[in-house]
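Notes to accompany the following structure.
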Amino acid sequence: MSEEPHAKHDIVAARMTQRLHGYAHGLGLDDTALRQIVERVIADMPEADDVDRLAEARNWMLIAAR
């Protein structure tokens, strides 16, 4: 059971990274920056749904691209 939350985290991170990849690269962000943003959003919003997390990640990417 202790591996279940970690496995879920990995699935959520992979799904978000895949969905945000083109947006991040369009802003000039590399894969490392994208990964850091995704990890931060997941940590900050553990109970949020994907729609809210993706919106928050896009906001962070806009800030990072400035």
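Which listed residue (H6, H21, P46) has the Cα farthest towards the positive end of the charge dipole for the chain, taking +1 on Lys and Arg C-beta and -1 on Asp and Glu C-beta about the Cα centre? The Cα lying farthest towards the positive end belongs to H21. Helix 4-26 and the longest principal axis of the Cα set of the chain meet at an angle near 10°.
Element breakdown for the chain at a 1.4 angstrom probe: carbon and sulfur atoms account for 53% of the accessible area.
Dipole size of the chain about its Cα centre, with +1 on Lys/Arg Cβ and -1 on Asp/Glu Cβ: approximately 320 debye, rounded to the nearest 20. Across the chain, C-alpha contacts under 8 Å between residues 6 or more apart give a mean separation that, scaled by the residue count, equals a relative contact order of 37 percent. For the chain, the solvent-accessible area with a 1.4 angstrom probe is 70 square angstrom per residue.
Taking the C-alpha atoms only, the angle from helix 31-44 to the longest principal axis of the chain is near 50 degrees. Available extension along the chain between R40 and R58 is 5.3 nm, counting 0.36 nm per residue and deducting the alpha carbon span. Diagonalising the gyration tensor over the Cα atoms of the chain and scaling each eigenvalue by 5 before taking the square root yields semi-axes of 22, 12, 9 Å, largest first.
The values are calculated or read from the model by the stated rules, or taken from the named source; none is laboratory data. Small disclaimer: the values here were computed from a predicted structure and weren't measured. FYI the Cβ positions are ideal-geometry reconstructions off the backbone, even for glycines, and counts take in every protein chain you see. Just the protein is used for accessible areas: all its heavy atoms, side chains included, with ligands, DNA and RNA removed. Shrake-Rupley method; radii C 1.70, N 1.55, O 1.52, S 1.80 Å.
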